[in-house]
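All remarks here apply to the structure that follows.
The values are calculated or read from the model by the stated rules, or taken from the named source; none is laboratory data. Note that the structure is predicted; figures quoted are calculated from it, not measured. Heads up, the Cβs are rebuilt from the backbone with ideal geometry, glycines too, and the neighbour counts pull from every protein chain shown. The accessibility values were calculated without ligands, DNA or RNA, using every heavy atom of the protein model including side chains. Shrake-Rupley method; radii C 1.70, N 1.55, O 1.52, S 1.80 Å.
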Amino acid sequence: MKLYCLSNDLAKSCFVVSFKERLFMLDCGLTEQTVLNFLPLPLVQSSKLSTLPNYPPFLEIKECCGRTFIDSAPEFGTPSEKMVDFSEIDVIFISNYLNMLALPYITEGTDFKGTVYATEPTLQIGRFFLEELVEYIESAPKASSASFWKDMLNLLPPPLSDAYKPKNWKQIFTMKDVNNSVARVKIAGYDEKLDILGVLQATPVSSGFCLGSSNWVLTTSHEKICYVSGSSTLTTHPRPINQSALKHADVLIMTGLTQAPTVNPDTKLGELCINVAMTIRNNGSCLIPCYPSGVVYDLFECLTQNLENSGLANVPMFFITPVADSSLAYSNILAEWLSSAKQNKVYVPDDPFPHAFLLKNNKLKHYKHIYSEGFSTDFRQPCVVFCGHPSLRFGDAVHFIEMWGNNPNNSIIFTEPDFPYLQALAPYQPLAMKACYCPIETSLNFQQANKLIKDLKPGVLVIPEQYTKPHPSTPTLCIDQPQDKKVITFKCGEIIKLPLKRKMDRVYLSSELAQKIVPKEVVTGVNLSTITGILHVKDNVSHIVPCDEAEAAEITYKCPSREDLLKKVKYEYGNLDIELFMKKLQQDGITDARLERNTGGQGTSFTITIPSEDTVVKIEENSTHIVCGGKPSLRLKLRDFLMKCIQNF
């Protein structure tokens, strides 16, 4: 069993596992941090961005406040396609909607013929994320596409000079690609046992991170592999994590830990509410860049209650995204995927999320774009605006920063930890509006991960190498490496062997054959019996059936007779004819073969060196070794030559 790490982003992971000659992909996360190297895409032409000076000698690189940016359509870091041929992937397992954004790059234009599995919320909300991403970038297209700078990284200043494999970056896919890739996804429910090509059984179990998020349990008759990604033990709106299903795994692969390990999400949520209230009291407006789903639902609930307690209940809130209608409506029909507290509201009946009440009472208004019908009429300040994209490189957030950036009474609050807020704001400097960083990250931190690992008791723990190193901000934060279990670490681009060797497999006996078994005790407590039948393997499931039953089923193949087998058997004897072997090499065009005779205590041996093929043949009294650095076909050819130089009967 091998594990391939295809992504350099620990929060948006992508792995491939090879097992029983099949390839299974675990998540296909998209690295979006690469867009921070590009200039924003304003909805209307920006005089500031259009007049930025070039960074000589690159016409496609612009300078702003000591930083360099690429003046081109943004590009994203995709899973490495050089390690694995995507057309050979058999199955893709998606753990949550944040880890499926690279799916169109994998399934479209690659001859991918496999199957994709995800829960229903992961599929639907993932579609919202993909559609939003495409619409944001297509609404403000760039005429140029920069690529020259990728060949001249050594001439550029940081962070461009430190970019990770920029030649693998790709521009956004099309809406057609999104629809085609999403159409390949098959829906799976929590705790549903899925038969995967007869090789293993896959079961998604709740991870507690977001709506529909799951950890995957892959089991065979004798092995258990658990993939834990994007999990949470906190009490939020998704269904709680299912820990019992993950216990006692032979191999536990863990990734997707928090990107803000030193902060408490509850504390940051309180800071956000305080900053919003202070901004409103100063007659300013507040911008919160966000995704179209996830933490934003909790922000609606907490912020509304806090504003009411502060006497600011009449302050309007706007939610602006191309998928606003779908996101808000869909979240209220997901009772089975919610926590028990949210489910109980559905059975009352009541709306599980308070934003349904806010929409009915016009306290929260949603629009697809700032130019949507009715927005200019309803818009008034001071207000709170939720819109994307959190990178501040495209979307409606770009317009609000340009509109509000010169007023110190306004503020922008970052809640998504995916993007360093100072880098996100860099192309807008100098900026007068206040910036607050309140990352609300609910995924496992290092302490919670260590406790979970201790409770799950896996045989082998597989984690990224970075998790074993102390965190820069707090040196004591890392994953413990207990002495009682094996820990394997990996880095991006590595292929590691997992200590999961197939020792046994399940074989089914037909009822007729099982009745004929007569066990005989050979040792106390040990019974043996011989079986004569035909081993029939189909879809990786093995059956042993009687010969007559196979004939009745009109199976076309026939068991070879003992005489037929003996006719094909040859027995070699005697010594190797070295001169004949060298002659055959000459006849085959291998003219640079050199023969060396070695005489020692072990008898006479020969070494034949072929420099042109980087090959050495060592012939000893009882063994022959071919050390071939060239093509596998050469090794087979040399083997055939050797067999022809030995007598046989």
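Quick notes
- When restricted to residues that are among the aliphatic types (A, V, I, L, M) and either surrounded by fewer than 17 Cβ atoms within 10 Å (Cβ to Cβ) or farther than 12 Å from ILE578 by Cβ (or both), region 602-619 contains 2.
- Selection count, region 303-319, where residues are open to solvent by less than 10 Å² (accessible area, probe 1.4 Å) and either of a type in the set (Ser, Thr, Tyr) or under 20 Å from ASN282 (Cα atoms) (or both): 4
- Residues satisfying the stated conditions in region 372-392, i.e. in contact (Cβ under 8 Å) with a residue 60 or more places away in the chain and surrounded by fewer than 21 Cβ atoms within 10 Å (Cβ to Cβ): ASP378, PHE379, ARG380, GLN381, PRO382, CYS383
- No other residue among TYR105, TYR136, TYR117 is closer than 30 Å to ALA324 by Cβ, of a type in the set (Ser, Thr, Tyr) and out of contact with any strand residue (DSSP E or B) (no Cβ under 7 Å at 6 or more places or on another chain) apart from TYR136.
- Verdict on ILE578 being at pLDDT 85 or above, open to solvent by less than 60 Å² (accessible area, probe 1.4 Å), more than 52 Å from the chain's Cα centre (by Cα) and aliphatic (A, V, I, L, M): yes
- Selection within region 141-164 - open to solvent by less than 40 Å² (accessible area, probe 1.4 Å), assigned to a loop (DSSP other than H, G, I, E, B) and among the hydrophobic types (A, V, I, L, M, F, W, C): ALA146, LEU156, ALA163
- Subset of region 261-290 (residues that are open to solvent by less than 10 Å² (accessible area, probe 1.4 Å) and in a loop (DSSP other than H, G, I, E, B)): GLY284, SER285, CYS290
- Residues in region 409-429 that are touching a Cys at 6+ places or on another chain (Cβ under 9 Å) and either under 21 Å from LEU41 (Cβ atoms) or of a type in the set (A, V, I, L, M) (or both): ILE412, ILE413, PHE414, GLU416, TYR421, ALA426, PRO427, TYR428, GLN429.
- Filter result (in a helix (DSSP H, G or I) and open to solvent by 10 Å² or more (accessible area, probe 1.4 Å)) within region 90-122: LEU98, TYR105, GLU120
- Those residues of region 341-371 which are at pLDDT below 90, surrounded by 15 or more Cβ atoms within 10 Å (Cβ to Cβ) and in a loop (DSSP other than H, G, I, E, B), in sequence order: ASP351, PRO352, PHE353, PRO354, LYS363
- Considering (1) modelled with pLDDT of 95 or more; (2) surrounded by fewer than 14 Cβ atoms within 10 Å (Cβ to Cβ), the lone condition that LYS167 does not fulfil carries the number (1).
- Filter pass, THR122 being hydroxyl-bearing (Ser, Thr, Tyr) and more than 19 Å from ALA73 (Cβ to Cβ): yes
- Strands (runs of 3 or more DSSP E) contained entirely in region 171-223, each with at least 2 residues that are open to solvent by less than 60 Å² (accessible area, probe 1.4 Å): 194-196, 200-206, 214-219
- In region 291-302, the residues that are within 24 Å of SER376 (Cβ to Cβ) and either open to solvent by 40 Å² or more (accessible area, probe 1.4 Å) or out of contact with any helix residue (DSSP H, G or I) (no Cβ under 6 Å at 6 or more places or on another chain) (or both): VAL296
- TYR136, sole failed condition from (1) modelled with pLDDT of 90 or more; (2) surrounded by 14 or more Cβ atoms within 10 Å (Cβ to Cβ); (3) closer than 22 Å to CYS14 by Cα: (3)
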